[in-house]
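First comes the structure, then the notes that go with it.
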Amino acid sequence: MSRILSGKVVIATHNAGKLVEMRELLEPFGVEAVSAGELGLPEPDETGTMFAENAAIKAQAAAEASGLPAFADDSGLCVDALDGAPGIFSARWAGASKDFSGAMARILAELDRRGATDRRAHFVSALVLAWPDGHTELFEGRVFGDLVEPRGTAGFGYDPMFRPEGFDRTFGEISSAEKHGVDWQSGNALSHRARAFVALAAACLRRPG
């Protein structure tokens, strides 16, 4: 059975872009968010073979270290013609310097090397909410689209090269509010992370008042 989250939660990330998105998503629910980076918590080794496993590793480590509920996102870009790569290794393709311009160039170069004309891809987000006593809950979201030459400076990571279905703009050209804003009456959301959050909110969050 799902638990209701209230008060304070740790966002188990050292990624400033993810932190901004998660704080904005949590704001309507009156939940205070602090990041693992702000608390000085170390980043655990992500040894899982699936997004959900790596999200659980990060959330459980933050919950145990802080004594607070924590949730973590593990997400990545999966390219059909690259057999799902970079997938769970999306961040690693950017290297220690987090050079996503280089990572995007690497993807396009690999597609060219394979002679691949299929540019279909999707983003995956796995959100795991963990409590210090070991209780965890998993929520997932996906958004499908295709890859283009990088455009735009909004967002982060692979956003500039990903064009979601039904749009002529990339995530790099779409505002933060449009990308992960949620229509709470319909439950509709655009980004993979927002779609996972909608599922989490339905199970574990309540609006104040």
#### Entry: Sites matching GluC sites (Glu not before Pro) across the range 1-79 that sit in DSSP coil, with at most 14 neighbouring C-beta atoms within 10 Å
Glu38
### Query
List the lysines whose alpha-carbon lies under 20 Å from that of Lys179, not counting same-chain residues fewer than 8 positions away?
Lys18
### Query
Taking H as built 1.01 Å from N, whose amide H comes closer than 5 Å to the amide H of Ser35, not counting residues under 5 places away?
Ile11
## Note on the structure
Computed for the range 77-202: size of charge dipole around the Cα centre, +1 on C-beta of each Lys and Arg, -1 on C-beta of each Asp and Glu, debye to nearest 20, value 220
### Task
Considering Cα pairs under 8 angstrom that are at least six residues apart, work out the relative contact order of the chain and quote it in whole percent.
20
### Task
Any chance you could check the Cα centroid distance between the range 1-80 and the range 84-124 for me, in angstrom?
24
#### Entry: Using θ = phi - 60° and Karplus 6.51 cos²θ - 1.76 cosθ + 1.60, couplings along the range 186-194 (whole Hz; Gly, Pro as x)
9, x, 6, 8, 8, 6, 4, 5, 5
### Query
For the chain, what proportion of DSSP beta bridges, expressed in % and rounded to the nearest 5, is antiparallel?
80
### Task
Rounded to whole Hz and in sequence order, give me ³J(HN,Hα) for the range 46-59 from the Karplus expression 6.51 cos²θ - 1.76 cosθ + 1.60, θ = phi - 60°, writing x for Gly and Pro.
8, 9, x, 10, 9, 4, 4, 5, 5, 4, 5, 4, 5, 5
### Whole-Hz couplings from phi, Karplus 6.51/-1.76/1.60, listed for the range 4-9; x for Gly and Pro
8, 9, 8, x, 10, 9
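Bear in mind that the values in this text are calculations on the coordinates, not laboratory data. Only a predicted model underlies this, so the values are computations on that prediction, with no experimental measurement involved. Here the Cβ is made from the backbone with ideal geometry for all residues, glycine too, and neighbour counts use every protein chain on show.
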